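Right, one structure below, let's go through it.
The values are calculated or read from the model by the stated rules, or taken from the named source; none is laboratory data. Values in this document were obtained by computation on a predicted structure and should not be read as measured data. As a convention, Cβ positions derive from the backbone with ideal geometry for all residues, glycine included, and neighbour counts pool all protein chains shown. Quick note on the areas: whole protein, heavy atoms, side chains included, nothing else; ligands and nucleic acids left out. Shrake-Rupley method; radii C 1.70, N 1.55, O 1.52, S 1.80 Å.
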Amino acid sequence: MSVPGPAPRRRVPGPPGPPGPPEPGADVPERRTDYSGAVYGSMLAASVIAAASVQEPNPKLSLVLLLVVTGLVFWAAHVYAHVAGQREAGQDVTFRQVRRVGRHEWPIVEAAALPALAVLASPWLGAGENAWLALVVAVCQQVAWATLGAHRAGARPRQIVAEGAVNLVLGLVIVAAKVAVGH
């Protein structure tokens, strides 16, 4: 007769919240399905564009810098919040954890790239010196990342359309705010 060993240690789950990066050694699906950073970063970029004034001496340069700096600051805030919020009692945070979370949250910064390029290219595309092209790009990529994430997660077509529609409405709220403020 065999004597049973100690019961396996169970980890008590923390408070509910958005899923974070996978734990080291966890089974990770082949395809990425978490596009939350890209969706969030796109919405952040749209908000920055909507709130920015094009009346500055160098409006294109100012807006590109605002997009990049805001993306980097929010990325760092997300990394810190995740690492500090998920820390186990009595455990030090390791550089490996910070690096893993930083890589997972990097799409927040990447989402500023296309709108920033649209800002720079807008005069050559006939959009003038305004930021509307960049705002359209930010909202479109927000919808695209949301629908791609839903599709890759195996959502049904109706769910994919619903997620795209929700993100389109959120983006249009930002556009409406820009129109209302008159920037």
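Quick look at the numbers
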read-out	value
Within segment 165-183, considering residues that are of a type in the set (A, V, I, L, M) and open to solvent by less than 60 Å² (accessible area, probe 1.4 Å), the one farthest from residue 46 (Cα to Cα)	165
Per-region count, segment 131-154, residues farther than 22 Å from residue 60 by Cα and open to solvent by less than 30 Å² (accessible area, probe 1.4 Å)	3
Boolean, residue 45 is touching a Leu at 6+ places or on another chain (Cβ under 9 Å), assigned to a helix (DSSP H, G or I) and at pLDDT 85 or above	yes
Pick from segment 61-120, criterion polar (S, T, N, Q) and not in a helix (DSSP H, G or I), ranking: surrounded by the fewest Cβ atoms within 10 Å (Cβ to Cβ)	91
